Each structure stands twice: as C-alpha cells, then as structure tokens.
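First up is the structure itself, then whatever we jot down about it.
The values are calculated or read from the model by the stated rules, or taken from the named source; none is laboratory data. Just so you know, these numbers come straight off a predicted model, no measurement behind them. Glycine also receives a Cβ, built like all others from the backbone with ideal geometry; neighbour counts cover every protein chain displayed.
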There are 2 protein chains.
Amino acid sequence: MRALTVQPGVANSIQLTEVPPPPQSDGALSVRAVALGICGTDHEIISGEYGWAPAHQQRLILGHESLGTIEEAPAGSGFARGDLVVGVVRRPDPVPCPACAAGEWDMCRNGQYTERGIKERNGYGAEYFRLEPEFAVKVDPRLGMIAVLLEPTSIVAKAWDHIERIGQRTRSWRPRTLLVTGAGPVGLLAALLGKQRGLEIHVLDRNKTGPKPDLVRALGATYHTGPLGSLHTDLVMECTGASEVILDVIERAGPAGIVCLAGVSSGGHKLSVDVGGGNRDMVLENNAVFGSVNANRRHYELAAEALARADKEWLGKLITRRVPLSRWQEAFKRQPDDIKVLVDFSGSA
Amino acid sequence: MRALTVQPGVANSIQLTEVPPPPQSDGALSVRAVALGICGTDHEIISGEYGWAPAHQQRLILGHESLGTIEEAPAGSGFARGDLVVGVVRRPDPVPCPACAAGEWDMCRNGQYTERGIKERNGYGAEYFRLEPEFAVKVDPRLGMIAVLLEPTSIVAKAWDHIERIGQRTRSWRPRTLLVTGAGPVGLLAALLGKQRGLEIHVLDRNKTGPKPDLVRALGATYHTGPLGSLHTDLVMECTGASEVILDVIERAGPAGIVCLAGVSSGGHKLSVDVGGGNRDMVLENNAVFGSVNANRRHYELAAEALARADKEWLGKLITRRVPLSRWQEAFKRQPDDIKVLVDFSGSA
C-alpha cells in the first residue's frame, strides 16, 4: 500500500512510498483511509524540526488527523464494516504514568507517551491503517468527509473542558465574552464551541478578506484584524503561538479571566517584558493562564457531539482544499487562504 | 479611643491619633482589639503608594489583620461577650457584582469592593472596632494571640482551594511536591498547609540563618537559599513577587504543574523573556499559572480549621515581635529576622 512517509529530523524527506500493510499489532480494527487532515505539527515534522520514527526504523508514516471506514472488525468490538471512524492520536507508555493509567494520556506526566504519525508510532497517512477499538471513535456518518475535523475539534474540546473546570474554582463563574486569537482550524473550532455555549465572540487574525473573516462573521462573531483597543474578555483562547499576541492577550483577560494557551510556538525570540506588572495584575485580578495540548477519549467524544450539533455547511467551509492522494505534494504547499487542507484518500484504494 | 491612622497617598503620615468610637454602621458586634498583624500592604500604604480613605475623610484607620474579643453582641447574632474573633477584610459593593453577590468578594469582577484598613473603610488598628456578624469569624480560644495569623492563613487557604480545584481538571491529579518561594508569613503558612496535605516541601528564601530556615526545617521541609538546580515540583506557591523568581518558578512546574502567584509585586522593571519558549512549555506540559488574592468567608473558616490543627508552638514562632501599642513606631520599622510583627493592643484599653 502507499503511505506518506518522512525521515524525522531530515528536512523535506516526505515521499509517497510503498510500505507493507499495517501489522496486526496496531490494533484489531482494519480501516481504509478516507481523508487525512494536515496541521502545523505535520509541517514541523516535514521541515525536520519534530517527530520520531518507530524504534529501529528510519521512516515514519506521517499523519494524525484521520478519517476512515472500517473494513474488518472482530465480533464484540463495538464496530462493524462501514463505520466511519477517527483514530485517537496519543497512546500511553506500556508502563503508564498515573495520568495515562487513568485514560488521561493528554495529561501524561513522564513524557513517555507515543503518538500516531508524530512520536514513535506510524500515523494515519496511508491507504490502510489499523486501530485498537479503545482508540477508535465512531463519528456521525452524515458528517462525511467533514468528520476529519474530529481530531482538531478534540483539542478544542479538551481546552473547553479545562476552561470550565478552572472556571469553577469560583461558584459565580458565568463567562460572557471570548477572544480567540488565530482563525486557523483550531481557532475557528474554538469559536464554534464558544458559540455553542452562548458567548459573545471576538476573533483576531491577519487576513482582511477571504474564508477566515467570512467564517467568523457567519458564526455571528466579530472579526478583528487590527489593534484590539480596550477589548477585555472573560476568556481568551490563544491559537497563534506568537509571542507578541500571547503577551497582549494575557493582559486582555478581565477579572477572574482565563487564558487558554493552545498554540505551540517556537522559542528563542526574546521580548522585553514587565514581569512584575503582569504578576501584579494576575494576582489582583485572580487571572489564570494555562496550556492545553492533545486530548483523551472523553474529549474526542465531546468533540463528536459538538460536530454533530454544528451547521454542516459552515463546517464544510473550514476545509478549503481537498487534494487527491495522486497530487499529494500540493497539499503540503501552504496557500494564503488555507484553513484545513486534506489529502483525499477516498479515490485511491 | 486611639487608632493608627494614615493619610493615604502621603508617605509616612502614620500616627497614633485620638478618633471617635466606631460607628454602629460598622456592624452590630463591638470588639476590643487584642492584636494587629502588619503586612506588606500596610507598609505600601504607609509609604503612600496604596490605600484610600473613607469617603469625605482625609485619614484612614490602618490595619486589616485583626484579632479581638467581643465586648457586646446582640442576642441571636451567634456571638457572645468574650468570643475571640477576626474580621474579614473585604466587603462587597452595595450593588454587588455576581461574584460578590454569591459571597465570593475575593473574586470581585468590577473592582468596586471596599476593604477594612485598605480601601475606603476604616481598619482594625484601633482600640475598639465593630463588625457585622457575617464578616466576623470565631477562632479557637486556645490559639490566643496566634489567632491573629487567621487573615494571612485565609489568603493561603484560598490559594490552596484554587490549586485543588484547578488540579481537578485532571482526575488523576495527585501532587507530591511543592516549592514555596519566600519564607514570609504567607510562604510559611503555605508550607504548613502543604504539609497538612502530606506533600514533600521545598522553601526558598535568602536568610541563611535565623527563624525562617529554623521554621522551615521544623516543619520537615527543605530550606534553600541558593540556585535550585534541576528541582521541578508539581506545585509552586510564589510568595516573593520578585520578577526573576516568578520567571524561574514558572519553568520549575513539572508536567500538569500548577503555579500559584500570591505575591503582589510592583511593576515597571523589564526583563528579557523568551515568551515563545515559555508558551511552548506551558502548552506541551499542560501547565497552569494563576493569581490569587484575598479570601472569602469560606476560606477564613478553612483557615481557622488549619490553624486549629497546627502545632501551636510552631505557629507561635511565626510571630517574631509583639510591640505594645505605646511603642507602635517600632512595629513598623522592618528588621532582618522579622516574620510576623504584631502591635499588641491587649494591655492598652
């Protein structure tokens, strides 16, 4: 079968290569790929800055935003041929830390987790892959290819879950306003889940025209490109990872405000910061800032519910390009109006 | 009666002045002062950098860390003559925000709260003061003068309450280690409450000898004065407000770590900071940093329980100087081995 593979640590080593079929040890469910979503982590792996091949192998099958249909499922597995499924990305260490042992591999304490398509496990960017039933999530078949958004939605569902748990440190917590920075897939999905919670939403990004402002406005939210003036919100979902934006939004959280950092940034770029002043504001206003990464099974299930409730037409517009596997190179060339780009495996097998 | 008063905004205006007895409007309970604790906020007010007098008045009665005995209490108030009590510091706005309306004035959203001895309400640094029953907290009479530690303990009880609520964003949260920066009263009380939770505790301060290291070691905790090397802990309670320390401890929180900022710092001092690198670590490790200030009635009650459970001899050593009211000036002159300094009102009335 064909698979998109990379040699981790080597820039631009991505190729469509012929690989053996997935081993039984990857799980009892056999899945035929429908689509693969591409995200910033994939670009980071392709540029050689991130990613690890499985033990004793040189190459890694790329891809963690999966969608496929079940080809074969054992009786009693809870799955049947034809089911539309998404694979969970992270797997706990064989000797799990307390978080992983509790099914909270997203909160792994020892860093010994593995990740499909990222860290020491082959990914989902192949014509066929296998899944363990406990790491497969069924999605509403009416979503069709849109269901490839489940993995990024799971990231957002986790962020929301933590925002709500942190918010409940005070009984009187009733957030009304949300600022989302970055109108990529994670930012737009964060705004969607905020809208489902009845919030007044502001989204900041750079594109003055195109699908990003259109999608924000279609959600009934306010789109900003310029300085945010005196805007303060109860919640901030930071999805850019840009240092200047991060510093700015930490100050924009109102009293008892919560800032969720969800953008993975590169380091090494220093800024001059009034740490004492920032600390004083955080203390006197009871503000909280937290980082959120990955998602566990519960979050995938919350994400599946959120997608099932959402407007399908709006969700469909998040997918700005579907590139057939035969032209896979195009999928990895960034274009200005890209939101979510897919490699379409549906015509390949 | 005599009271310690200041003219807010004017440096070194503190005086022992003759003032009228406290008005009925301050509350139904009449209290004779036993002791007044002095903290950093008092020094800030004395230096003219903070504090607001009551409306239409020039001077403010200083003091918010109270201890007194009830002189008169109405029947049915729940209090009786001779009860040892501490007054809550903050009062909600007459038109309360949703937090204040729920009794969570520590999480006030609109900043319209007032504070005894700090913001627009006379404080407890007087021979007599009055309290509303709902803002008076009874303390174990066996604590005696040590009970003046209730207010700083309430700050710490709130911080712990929030740490635990934030920690429970993950079901598998079982913190084992705590770093406290700053061995002042708040830091030492934070360490005490950590010890009551069975944690391994590290405390950082500058004094190489004296009561601070002695008190830390007597608690069974490790005292550090120098660089912390590779120390990482599940929890950090930051009580110095020093910019360099704040930046350092944010990096010392392990995976799923929580940093509570409890030190009020002055701003204006800029540092060169790798914001992107810090953001990346916070995201990939699911770390949380939050500020905590003040305390509501529930926290005073938690604090009263914590003090009642603690070793009285150890608590007593936190009070390093008791200065009689007649020599009040000495109480406000800082000395190197000061932890908690009291003005002793017990022999005055």
Check your understanding: For A:VAL289, are the conditions met, namely being surrounded by fewer than 23 Cβ atoms within 10 Å (Cβ to Cβ), of a type in the set (A, V, I, L, M, F, W, C) and either more than 22 Å from A:LYS138 (Cβ to Cβ) or out of contact with any Lys or Arg (no Cβ under 7 Å at 6 or more places or on another chain) (or both)?
Key -> no
Among residues of the range B:166-187 being farther than 27 Å from A:CYS260 by Cβ, touching a helix residue (DSSP H, G or I) at 6+ places or on another chain (Cβ under 6 Å) and not in a loop (DSSP other than H, G, I, E, B), the residue nearest to the other protein chains (Cβ to nearest Cβ) is B:VAL186
Over the range A:110-160, the set of residues of a type in the set (Phe, Trp, Tyr) and in a loop (DSSP other than H, G, I, E, B) is A:TYR113, A:TYR124
Inside the range B:255-271, the number of residues satisfying the requirement of being without any contact (Cβ under 8 Å) to a residue 40 or more places away in the chain and more than 7 Å from chain A (Cβ to nearest Cβ) is 2
If we keep only residues of the range A:102-146 that are hydroxyl-bearing (Ser, Thr, Tyr) and more than 14 Å from chain B (Cβ to nearest Cβ), then the residue farthest from A:VAL89 (Cα to Cα) is A:TYR128
Kindly establish whether B:ASP248 is at the interface with chain A (Cβ under 9 Å from one of its Cβ atoms) and surrounded by 16 or more Cβ atoms within 10 Å (Cβ to Cβ).
no
Counting only residues in the range B:130-144 that are more than 9 Å from B:ALA304 (Cβ to Cβ) and charged (D, E, K, R), the one surrounded by the fewest Cβ atoms within 10 Å (Cβ to Cβ) is identified as B:ARG142
Sole miss for A:GLY254 among (1) over 22 Å from the mean Cα position of the chain (by Cα); (2) under 13 Å from B:GLY276 (Cα atoms) is condition (2)
Point to revise | Any hit, the range A:69-76, residues being among the polar types (S, T, N, Q) and farther than 28 Å from A:VAL236 by Cα | key: yes
Within the range B:204-228, the residues that are closer than 27 Å to B:LEU247 by Cβ and touching a Lys or Arg at 6+ places or on another chain (Cβ under 8 Å) are B:ASP205, B:LEU215, B:LEU219, B:ALA221, B:TYR223, B:THR225, B:LEU228
Answer yes if at least one residue in the range B:296-308 is of a type outside the set (Asp, Glu) and either in contact with a Phe, Trp or Tyr (Cβ under 7 Å, 6 or more places away or on another chain) or free of Cβ contacts under 8 Å to residues at least 60 places away in the same chain (or both), and no otherwise.
yes
Restricted to the range A:228-245 and to residues being in contact with a His (Cβ under 9 Å, 6 or more places away or on another chain) and either within 24 Å of A:THR153 (Cβ to Cβ) or not in a loop (DSSP other than H, G, I, E, B) (or both), the residue farthest from the other protein chains (Cβ to nearest Cβ) is A:THR233
Picked from the range B:35-70 (must be part of a strand (DSSP E or B) and within 18 Å of the chain's Cα centre (by Cα)), the residue nearest to B:VAL10 (Cα to Cα) is B:ILE38
* Could you check, for the range B:180-197, whether at least one of its residues is farther than 15 Å from B:GLY316 by Cα, without any contact (Cβ under 8 Å) to a residue 12 or more places away in the chain and of a type in the set (Ser, Thr, Tyr)? => no
Wholly inside the range A:272-336, helices (runs of 4 or more DSSP H) that include 2 or more residues that are modelled with pLDDT of 95 or more and within 14 Å of chain B (Cβ to nearest Cβ) are A:275-284, A:297-309
Scanning the range A:7-24 for residues that are touching a residue at least 40 places away in the same chain (Cβ under 8 Å) and out of contact with any helix residue (DSSP H, G or I) (no Cβ under 9 Å at 6 or more places or on another chain) gives A:GLN7, A:GLY9, A:THR17, A:VAL19, A:PRO21, A:PRO22, A:PRO23, A:GLN24
Note: among A:LEU60, A:LEU84, A:LEU4, just one is hydrophobic (A, V, I, L, M, F, W, C), touching a residue at least 12 places away in the same chain (Cβ under 8 Å) and under 13 Å from A:TYR128 (Cα atoms), namely A:LEU4
With criteria (1) part of a loop (DSSP other than H, G, I, E, B); (2) within 14 Å of chain A (Cβ to nearest Cβ); (3) under 28 Å from A:GLN168 (Cα atoms), B:VAL95 comes up short on (2)
The one condition A:ARG32 fails out of (1) of a type in the set (Lys, Arg); (2) assigned to a loop (DSSP other than H, G, I, E, B); (3) modelled with pLDDT of 95 or more is (2)
